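The values are calculated or read from the model by the stated rules, or taken from the named source; none is laboratory data. Nothing here was measured: the structure is a model prediction, and the numbers come from that model. Quick reminder, even Gly has a Cβ in these numbers, built from the backbone with ideal geometry, and neighbours come from all protein chains shown.
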Amino acid sequence: METMYITHPTSFIHEMGSFHPDTPRRLDVISDQLLMSGLMPFITTGYPFKALKHDVLRVHTSDYFNSLLTNIPEQGKYYFIDNDTMMNHYTFNSALYAAGSGIFGVNAVFSNYVKNVFCSVRPPGHHACSNKAMGSCFFNNIAIAAKYAFEQYKISKLAIIDFDVHHGNGTEEIFFNDDRVLMCSFFQHPFYPYSKLLNYKKTNMCNIPVDAYSKPSKIREIVSEYWIPEIHKHKPEIILISAGFDAHREDDMGQLFLTESDYAWITDKIVDLSEQYSEGRIVSMLEGGYNFSSLSRSVVAHIRSLAKL
């Protein structure tokens, strides 16, 4: 089996209120759709360990880590960081397991147990900066996995692909001008988190803003004309994916028009590149995606492409 599906029970007990779009139900619909798809006999399942403090501190400041730890609320209460980001009693532990799933995935692909991994975990991570939580993100899961891969496996280069409708501002902040990391993304702009736009040609960032209501052909053009040439030049030894599915046309969180076939096409391109430069190594981690139907269908299309099924 080439592909591993990773999840953990703690991802289901972190919640931020019934009104919040990042609900544990997101993971339920993914697992239900995956079962109905008939893919489960062709992929393996992994159960991650908890990231340790020193794993998190490769990316985040100790003051920030300790501030989350000391503000864990009592059961039934919430600690509000901003209007989108709040902790319940279980959030801190859930965030450690979400970060640990990326590390677990890195170990799985470098040990050749599987070629690639999809982590269906919460809370997400790509908005989390080195010193603050935001956008429902507490620890930057992708960044923690990347720093672990550099330290544990002594690689020299990796790529991070982010196809969430929102800009992965935290990942960009953490790796800005780190030449070991190539970050490629598209994101709707102007839109949350209202990031300052960069001239990516002067950095290791290939993060391309797109207008609301841009067609899927525009996204495919960005992948073909910007991402792929940069990845060919960078030659990453592993590819990490911040896999947000809220650019789907059925997701009211954004105003882009992707479908599951577009996510499959993007994933196929990433798989091809990983086989050229990374021995097939990919660790993909769930970010956004809030329409239950389009999210679950898109994740299944993504996993199907990862597994070449």
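Is there a residue being at pLDDT 95 or above, in a helix (DSSP H, G or I) and either more than 17 Å from the chain's Cα centre (by Cα) or under 26 Å from residue 144 (Cβ atoms) (or both) anywhere in segment 234-257? Yes; the residues of segment 234-257 include at least one that is at pLDDT 95 or above, in a helix (DSSP H, G or I) and either more than 17 Å from the chain's Cα centre (by Cα) or under 26 Å from residue 144 (Cβ atoms) (or both). Among the conditions (1) among the aliphatic types (A, V, I, L, M); (2) under 25 Å from residue 113 (Cα atoms); (3) surrounded by 20 or more Cβ atoms within 10 Å (Cβ to Cβ), the only one that residue 256 does not satisfy is (2).
As a summary of the residue check, residue 30 satisfies the conditions (1) at pLDDT 95 or above; (2) surrounded by fewer than 20 Cβ atoms within 10 Å (Cβ to Cβ) except for the one numbered (2). Taking every residue in segment 48-59 that is surrounded by 21 or more Cβ atoms within 10 Å (Cβ to Cβ) and pairing it with any residue that is modelled with pLDDT of 95 or more and in a loop (DSSP other than H, G, I, E, B), at least 6 positions away or on another chain, the pairs with Cβ-Cβ distances below 6 Å are 48/8; 56/139; 59/140.
The numbered conditions (1) closer than 20 Å to residue 166 by Cα; (2) modelled with pLDDT of 95 or more are all true for residue 96 except (1).
Take residue 302 and tell me if it is in contact (Cβ under 8 Å) with a residue 60 or more places away in the chain and crowded, with 16+ Cβ neighbours inside 10 Å. So residue 302 fits the description; yes.
If you go through segment 227-244 and keep only what is without any contact (Cβ under 8 Å) to a residue 60 or more places away in the chain and of a type outside the set (Asp, Glu), you end up with 228, 229, 232, 233. Of the residues making up segment 221-248, those that are crowded, with 16+ Cβ neighbours inside 10 Å and of a type outside the set (A, V, I, L, M) number 11. Does segment 209-220 contain at least one residue that is farther than 28 Å from residue 112 by Cα, buried (at least 21 other Cβ atoms within 10 Å of the Cβ) and either modelled with pLDDT under 95 or out of contact with any Pro (no Cβ under 6 Å at 6 or more places or on another chain) (or both)? Checked segment 209-220: at least one residue is farther than 28 Å from residue 112 by Cα, buried (at least 21 other Cβ atoms within 10 Å of the Cβ) and either modelled with pLDDT under 95 or out of contact with any Pro (no Cβ under 6 Å at 6 or more places or on another chain) (or both).
Residue 103 meets each of the listed conditions (1) touching a residue at least 60 places away in the same chain (Cβ under 8 Å); (2) of a type in the set (A, V, I, L, M); (3) within 20 Å of residue 7 (Cβ to Cβ) apart from (1).
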